[in-house]
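Presented below is the structure to which this report refers.
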Amino acid sequence: MAYTPIGREIDRIDGRLKVTGAAQYSGDHPAPALVHAYLITSSIGLGRIRAMDTAAALDAPGVLDVYSPFNPLRLYVMPGLGENYAPLQDPEVRFHGQIIAMVVAESFEQARDAAALVTTTYDATTPRTSLDDEPSALPETTPGGHPAGSTVLAPGVASIDAALTASDVVVQARFHQDAQHHVAMEPHVTLAQWRDGILTVHSGTQVPLFAVMLIAARLGIPADRVQVMSKYVGGGFGSKVLSWYDTSLAAAAADVLNRPVRLVLTREQVFQVIGRRGQINQTVRLGASRDGVLTAVSHVTDAEMPAVGGWHMVAAETSSGLSYRTPNLHVEDRQVALDMSPTWAMRAPNEAPGAFALETAMDELAVATGVDPVELRLRNYTTVVPGTERPWTSKYLDECYHVGARRFGWSARSATPRARTDGDWLIGMGMASAVYPTDRQPATVRVRLHADNTAVVSTATVDPGTGAATMVATVGADALGIPIRRIELQYGDSTLPQGGSSVGSGATASTVPAVQAAARAAVDELRRLAVTSPRSPWHGIDPADLHYENGRLRSADRAMTFGQLLTTVGTPAVGGEGSHQPGDEANRYAIHSFGAHFCEVRVNRHTGEPRVNRFTTVVDAGRVVNARAARSQLVGGVIMGIGHALLEHNPVEPGTGRLAASNLADYMVPVNADIPDIDVHWLDRPDPVLSELGAKGLGEIGTVASAAAVGNAVFNATGVRVRDLPITLDKLLQDD
């Protein structure tokens, strides 16, 4: 193909629909005889519902029913995925904000107003809410094969403590991070409708297959009776990987009432009901020689694990367990059982918290040894996973350091805090390095070639705003050698072939090979038709003499487009499916993307106000499919990291377990005024092991360690080291 769209600036295929309001999100779909549901959540953190008075609500205008533990909708628990209890099945209250009732009425307003008439009496006890007040323990197992704890020691070294004691320089630091939330623009919405025993659910999800499995299991029906539609999703960041119980409740009510039910969570309910990033304490100890070469690394975490289930955070293993060469390494990811709402994966779920701790500690080691932070990381660079001989499929992080330092102007940095000023502003620079795994899943895609010279590419893959749909269309156009405008994409429907899931930065790496395989299968079927159809001008020739290129079949004496051939033989379309199954590469290699962040901040010497002034990020993420989407993903990831560093947290109210900032007035996220222009760059080096295209993941690498780069810059500006996120102005105020 003379021209390829791969790696170019490609407009999103759904962009015009989204910006004009024509795209139908889950809350936009109409349904005949639609009714509306509204949740009621608990106002205590632990205990039991003694009584619930629903009489006034049932008498309110338009109300169809009020479901509660005393009038339940039957739901089941799916072991091993999601929460370990089902709401409304008993009067127990397990956390503040738990679903305890649901009102269904003819209109949203009627359901909401009736919900306010329900009164609940509790027998309350005190929930466990503090990481510092409860015991921690290593879990028996963790998902994804991550070790909860491991130790590698050099010959003759008795323990990690002994290795640290023998080190010339030791840095030890403790870090804390409160709960954080995804805060996607689109709240969680469900439209559930039954037709002839089949449940169709419109609900924003990142993984339709997971949604089907969870909904079916919770309703106690076969999975083939559930269809999940999720074509347009207004952001997810991990919050829409699972289908939460709000969706199953709406589906159950739709079945009982025999009417479509729409349930839209309020913003506060999204904070309460939907999984979030949990609280975490971390302790990092680094031992090194006087010239900054690591001799020992110890990283121990205590992460929240709600009693109702949640995300197994392994922040130490995924950061300190992978980042730097050291002869002695100890990582331990412990859990603390708390009576809190469920936790779940949030963009860079383990890596963002872990990298903040490790990369901050590395900056402290740079200060202690007098070694430049970039040079320190180069002196401890590793080409194999620490403690093993397993190499990466590809790794060019050292080039990221050099390119990033040059683009950013790192050489102008002063190692002395408070050395640079601009009037009332203290100016500082900081950097950090990032590592994030490329998740790969089995994927299948279908491609059909039509007589009008268009192609339909079909996959269940969801686009939660990442540009995944455009990626699939781009790869399909490249594989078939036709313009993107001639690609029609079917996606976001669980009944389509299961493409790569939009989770774990794995959609591209998983789906690209399947698209390419499906295109080859469709072309093979086209060539077979050309040589077997009596109406074809190539009937009876050797298939080896018939070639396909740029949407055309050709032989030595003639050529025509695939549409012309299909028209000639009277066949409207031909197609094929292609699948990609990850091989054993993960057994022989580690598969990660890498990055280097550089940040400049300004801190007001009088008010302590921190401002990000400049930011540069360089990543090694394999081959980039769409330059425009890649830039957007990296910038978005960095912005989320800036939010983690300076703004985002949701403190727990002692005694009740209430997350105190569960609204968009109190839970702060970055706005345009907080963010400067962000310079992002990628090396665009294809990974030779993963696939023909060599693409890796980049959706989350921008979030990993960007908070640490901000924090390190703040220290360079002020001399104040903040280890308790977020870095707010009260923590930076000091006497000049």
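The values are calculated or read from the model by the stated rules, or taken from the named source; none is laboratory data. All values derive from a computational prediction rather than experimental measurement. FYI the Cβ positions are ideal-geometry reconstructions off the backbone, even for glycines, and counts take in every protein chain you see. Ligands, DNA and RNA are excluded from the accessible area calculation, which covers all protein heavy atoms including side chains. Shrake-Rupley method; radii C 1.70, N 1.55, O 1.52, S 1.80 Å.
In the context of the full set of protein chains, residues of the chain present 37 Å² of accessible surface per residue (probe radius 1.4 Å, heavy atoms only). The GluC sites (Glu not before Pro) of region 369-459 meeting both criteria, a DSSP state outside H, G, I, E and B (loop) and at most 12 other C-beta atoms within 10 angstrom of the site's C-beta, are Glu389. Annotation: amide H-H contacts under 5 Å for Ala101 (H modelled 1.01 Å from N, sequence separation of 5 or more, or interchain): Ile40. Estimated from the Cβ-Cβ distance and a Förster radius of 51 angstrom, the FRET efficiency linking Glu109 and Arg611 is about 0.75. Under 24 Å Cα to Cα from Lys395, which lysines show up? Leave out anything in the same chain fewer than 8 places away. Result set, ordered by chain and number: Lys696.
Restriction of the GluC sites (Glu not before Pro) in region 639-736 to DSSP coil positions whose beta-carbon has at most 16 other beta-carbons within 10 angstrom yields Glu692.
Here region 246-347 is treated with +1 on each Lys and Arg Cβ and -1 on each Asp and Glu Cβ, and its dipole about the Cα centre works out to around 320 debye. The longest part of the chain holding none of the exposed loop trypsin sites (Lys or Arg not before Pro), meaning those outside H, G, I, E and B in DSSP with at most 15 other Cβ atoms within 10 Å, is 291-534.
The value of relative contact order for the chain, using C-alpha pairs under 8 Å at least six residues apart, is 16 percent. Using Cα extents along the principal axes in Å as the read-out, say which of (i) 144, 73, 55; (ii) 86, 74, 55; (iii) 92, 56, 54 was calculated from these coordinates. Comparing each candidate, only (ii) matches the computed number. Spacing of the modelled spin labels on Ala419 and Asp28, each 7 Å from Cα toward Cβ, amounts to 5.4 nm.
Report the paramagnetic label zone for Ile675: residues of region 685-705 whose backbone N is under 18 Å from a point 7 Å from Cα along the Cα-to-Cβ axis. Answer for this model: 698-705. With 0.36 nm allotted per residue and the present C-alpha distance subtracted, the Ala116-Ala223 stretch has 35.0 nm of extension available. Treating r as the C-beta distance of Arg554 and Ser411 and R0 as 60 Å, the FRET efficiency rounds to 0.60. Apolar share of the accessible surface for region 1-112: 52 percent from carbon plus sulfur atoms, 1.4 Å probe. Each label point was placed 7 Å from the Cα along the Cα-to-Cβ direction; for Glu140 and Tyr3 their separation is 6.1 nm. Atom-type composition of the exposed protein surface of region 659-736 places 49 percent of the accessible area on carbon and sulfur (1.4 angstrom probe). Pick out, from Thr438, Val403, Gly7, the residue whose Cα sits farthest towards the positive end of the charge dipole of the chain, with +1 on the Cβ of Lys and Arg and -1 on the Cβ of Asp and Glu. So the residue furthest toward the plus end is Gly7. Across the options Tyr667, Thr703, Val722, the greatest Cα extent toward the positive end of the charge dipole of region 622-736 (unit charges at beta carbon of Lys, Arg, Asp, Glu) belongs to Thr703.
Each label was represented as a point 7 Å from its Cα along the Cα-to-Cβ direction; for Asp133 and Ser579 these points are 5.2 nm apart.
Within region 1-101, report the chymotrypsin sites (Phe, Trp or Tyr not before Pro) that DSSP leaves as loop and that have at most 11 other Cβ atoms within 10 Å. Loop-located and lightly packed - Tyr3. Magnitude of the charge dipole for the chain, about its Cα centre and with charges confined to Cβ atoms of Lys, Arg (+1) and Asp, Glu (-1), is about 1580 debye.
Screening the chain for DSSP H helices whose Cα atoms reach 15 Å or more along their own axis and whose mean Kyte hydropathy is at least 1.6 gives 208-219. Here the gap between Val689 and Arg290, fully extended at 0.36 nm per residue and compared with their Cα-Cα distance, gives a gain of 139.8 nm.
What lysines sit close enough to Lys18 to cross-link, taking a C-alpha to C-alpha distance under 19 Å and skipping anything fewer than 8 places away on the same chain? Cross-link targets: Lys231.
Residue separation of Asn663 and Thr388 scaled by 0.36 nm, minus their Cα-Cα distance, works out to 94.5 nm of gained length.
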